[in-house]
Amino acid sequence: DAGVIQSPRHEVTEMGQEVTLRCKPISGHNSLFWYRQTMMRGLELLIYFNNNVPIDDSGMPEDRFSAKMPNASFSTLKIQPSEPRDSAVYFCASSFAENRGYTFGSGTRLTVV
Amino acid sequence: GQQLNQSPQSMFIQEGEDVSMNCTSSSIFNTWLWYKQDPGEGPVLLIALYKAGELTSNGRLTAQFGITRKDSFLNISASIPSDVGIYFCAGQETSGSRLTFGEGTQLTVNP
């Protein structure tokens, strides 16, 4: 298994631009999580899906952030418009069930200038 | 909300030394997990604990699920340079609830 695949690995964009981060979970996993990691706040859960349905999006910072999971093998996290304070590493993780260990992707390092 | 306190925040040790870190929660957990994050990568699961009092080893790593179900510790014996990274604890209150992560322990091992 290739694990959780995220793309791109790095993204540098100008303030105001739209950013789309992509994630392919492990085949057979039914839960998918989007995290943001910064030095100041550590790992923050943004949103998670169970069987492609968003369960809890209370961690999404504001309306500029949105996430979709159109099918079991793909999810996106979109930021529109992006701001410098969105700069962070964004991780996607998946699990077979919410009560089992998550497998993380390698992350997308986002820099908004 | 759920609080997970992880300590220490950072450790600087010499190669060969043993390391201990722990996490405490403000309420009872049913599951404790320990992850390691290498620079530029995502966290990787090291050990999972599912029963109070459980002691589990993975090579030089040993983790325990506290009897009170509000704490867990991770020990690394005979540290080596590749142990460098950030170690996270994570806990789950009930089956089906999401994981809560600790703030992480940054480990530096000097050769």
Taking each residue in B:40-51, count the Cβ atoms of any other chain within 10 Å of its Cβ, then average. What number comes out?
4
For chain A: relative contact order, % (alpha-carbon pairs under 8 angstrom, 6 or more apart)
37 percent
Assign unit charges at the C-beta atoms only (+1 for Lys and Arg, -1 for Asp and Glu), then state the dipole size of the stretch A:27-113 relative to its Cα centre in Debye, rounded to the nearest 20.
240 debye
List the GluC sites (Glu not before Pro) within the stretch B:9-90 that fall in a DSSP loop (any state other than H, G, I, E or B) and whose Cβ has at most 12 other Cβ atoms within 10 Å.
B:Glu15
Per residue of B:98-110, how many C-beta atoms from partner chains lie within 10 Å of its own C-beta, taken as a mean?
3
Pull up the cross-link candidates among the aspartates and glutamates for A:Lys78, meaning alpha carbon to alpha carbon under 15 Å and not fewer than 8 places away within one chain.
A:Glu11, A:Glu14, A:Glu18, A:Asp57, A:Glu62, A:Asp63, A:Asp86
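Every number in this text was worked out from the coordinates using simple rules, so none of it is lab data. Keep in mind the model is a prediction, meaning the values are calculated, not measured. Note that we place each Cβ from the backbone using ideal geometry, even for glycine, and neighbour counts take in every protein chain shown.
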